Amino acid sequence: MVSWEECSKTQPRVVKLLKNSIRKQRLAHAYIFEGAHGTGKMATATVLAKTFLCRNSEDGNPCESCSNCKRITSGNHPDVHIITPDGQNIKIDQIRGLQKEFAYSGMESSKKVYIIEHADKMTVQAANSLLKFLEEPGNDTIALLLTEQVHRLLDTIRSRAQTLTFSPLPPQGILEKLLQDDIPKPVAMLASSLTSDYAEALEICREEWFAQARAKVIQLTEDLRLRPDYCLVVLQDQYLSFFKEKDQLRLALNLLLIWYRDLLSIHLSNSENVVFFDQLQALEQQALHTSQKKTGEALQAILTAQARLRSNVSSLMVMEQLVLRLREG
Ligand SMILES: [Zn+2]
């Protein structure tokens with residue numbers, strides 16, 4: 001069960017603003033919640049709906065025990081409507097259906113909430129139909145439009161709603177949430193350095209392939225350090241056969257970049273920043289045999305490899321050149 005407190009951990013500014021408006025009874029009749037996937041837009045929408053419909057709400061908090069709160073928690077309140085894309089789009093019939101529902105007075109009171117997920121996926125017809133709806137709001141209706149792509153909403157819709165921006169989570173916030181989801185720390189640390197999108201980080205962690213990719217990259221750094229010539233020989237069989245697709249190789253290069261950033265952290269005596277924290281010994285060994293300057297050059301070489309990969313140079317050529325440059329370090 002989500003609460004304001006929970007939402008506030010990741011979106012303190014949005015929660016403060018909404019709670020203030022509730023206390024002052026100045027809620028807008030339409031909000032756009034915009035921000036990346038996994039930033040808590042739906043959770044916040046649910047708590048807002050609950051607070052709005054709660055029979056005993058106090059100081060801007062829902063009571064969690066009245067029938068309205070309970071039904072929203074279980075996801076079946078008759079006056080809270082959630083619209084999600086039907087296939088690729090939100091179609092005009094879905095908006096019409098909503099309007100029909102709202103033509104009847106509320107089941108419990110006149111208060112109603114509708115939440116449109118991925119509101120940017122409304123067809124033009126659906127958006128125009130919604131627009132008419134927003135122009136003649138019922139007194140006690142709140143519309144919550146959720147989107148990751150606010151620029152794709154019609155200007156006319158944006159001008160009729162108050163936009164609240166949900167900030168991306170900081171790496172530390174993502175890491176904490178992943179650990180709460182029982183993701184092992186080495187994997188969670190790495191995923192939270194790769195994306196500021198919690199849901200994406202969680203998806204990365206749950207792919208078994210990711211843990212294998214992590215192990216592969218660690219193996220590569222060891223080969224580079226201990227057997228640089230062998231490394232070139234097995235590049236195709238050991239590595240490129242694993243990182244087959246360009247997307248996979250791109251990820252490998254990102255992991256390698258994090259490894260060398262870790263190495264730099266050790267040179268700078270910032271080992272508390274190390275992402276590959278369970279490889280500290282290997283990193284420290286490597287740091288003994290390379291300079292800070294060489295580490296900086298290695299980082300540059302990886303960035304160059306990433307750029308070459310983007311410009312469609314073959315994976316093998318990109319990696320051969322990278323290995324040649326990295327083993328010099
Ligand atoms: Zn309640």
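Find the relative contact order for the chain and round it to a whole percent, using C-alpha pairs within less than 8 Å whose residues are 6+ positions apart.
16 percent.
What does the accessible area per residue of the chain come to in Å², with a 1.4 Å probe and no ligands, DNA or RNA counted?
52
Using the Karplus equation 6.51 cos²θ - 1.76 cosθ + 1.60 (θ = phi - 60°), what ³J(HN,Hα) coupling, rounded to whole Hz, does each residue of the range 290-300 give in order, writing x for Gly and Pro?
Here the 3J(HN,Hα) series is 9, 9, 5, 5, 4, 5, x, 5, 5, 4, 4 Hz.
How big is the antiparallel share of DSSP beta bridges in the chain, given as a percent to the nearest 5?
Roughly 10 percent of the beta bridges in the chain run antiparallel, per DSSP.
Mind checking the full-extension length gain between C66 and K24? Use 0.36 nm per residue of separation minus the Cα-Cα distance, one decimal, nm.
So the chain would gain 12.9 nm between C66 and K24.
What is the extension gain from E101 to T165, computed as 0.36 nm multiplied by their sequence separation minus the C-alpha to C-alpha distance, in nm to one decimal?
Computed gain between E101 and T165 is 20.1 nm.
Per residue, how big is the convex hull around the C-alpha atoms of the chain? Give it to me in cubic angstrom, could you?
160
Determine how large the accessible area of D223 is when every protein chain is in place; take a 1.4 Å probe and give Å² rounded to the nearest 10.
Per-residue accessible area (D223): approximately 10 Å².
Within the accessible area of the range 66-170, what % is carbon and sulfur when the probe is 1.4 Å and the other protein chains stay in place?
47
Below 13 Å, Cα to Cα, which aspartates and glutamates can K19 reach? Residues fewer than 8 away in the same chain don't count.
E5, E58, D59
As a quick test, which of the pairs K244/K293; K41/K70; K50/K111 have an alpha carbon distance above 23 angstrom in this structure?
K244/K293
Just subtract the alpha-carbon distance of E203 and E136 from 0.36 nm times their residue separation and send over the number in nm, one decimal.
Stretched fully, the E203-E136 segment lengthens by 20.0 nm.
Carbon and sulfur: what percent of the range 205-329's accessible surface (1.4 Å probe)?
About 49 percent, which is the carbon plus sulfur part of the accessible surface.
Could you state how much accessible area C63 has, in square angstrom rounded to the nearest 10, with a 1.4 Å probe and all protein chains kept in place?
Surface accessible to solvent at C63 totals approximately 40 Å².
Quick check: pseudo-label points 7 Å beyond the Cα along Cα→Cβ at L154 and S311, how many nm apart are they?
4.4
For W209, tell me the accessible area in Å² from a 1.4 Å probe, rounded to the nearest 10.
60
Can you give the calculated 222 nm mean residue ellipticity of the chain, where each DSSP H run of n ≥ 4 adds -39,500 (n - 2.57) and the sum is split over every residue, rounded to the nearest 500 deg cm²/dmol?
Calculated at 222 nm, the ellipticity per residue is -17500 deg cm²/dmol.
Work from the charge dipole of the range 175-246 (Cβ charges, +1 for Lys and Arg, -1 for Asp and Glu, about the Cα centre) and give the residue of V233, Q219, P184 farthest towards its positive end.
Positive-end residue among those listed: V233.
Beyond 26 Å between alpha-carbons counts as too far, so tell me which of K177/K294; K9/K246; K216/K246 fall in that bin.
Table pairs above 26 Å Cα-Cα are K177/K294; K9/K246.
Given H placed 1.01 Å from N in the peptide plane, which residues other than close sequence neighbours of I116 have an amide H under 5 Å from its amide H?
I83, L144, L145, L146
The values are calculated or read from the model by the stated rules, or taken from the named source; none is laboratory data. Everything numeric here is computed off the predicted structure, so don't read it as measured data. Don't worry about glycine lacking a Cβ; one is built from the backbone with ideal geometry, like all the others, and counts go over all protein chains shown. The protein model used for the area step is the full one, side chains on, heavy atoms only, and it has no ligands, DNA or RNA in it. Shrake-Rupley method; radii C 1.70, N 1.55, O 1.52, S 1.80 Å.
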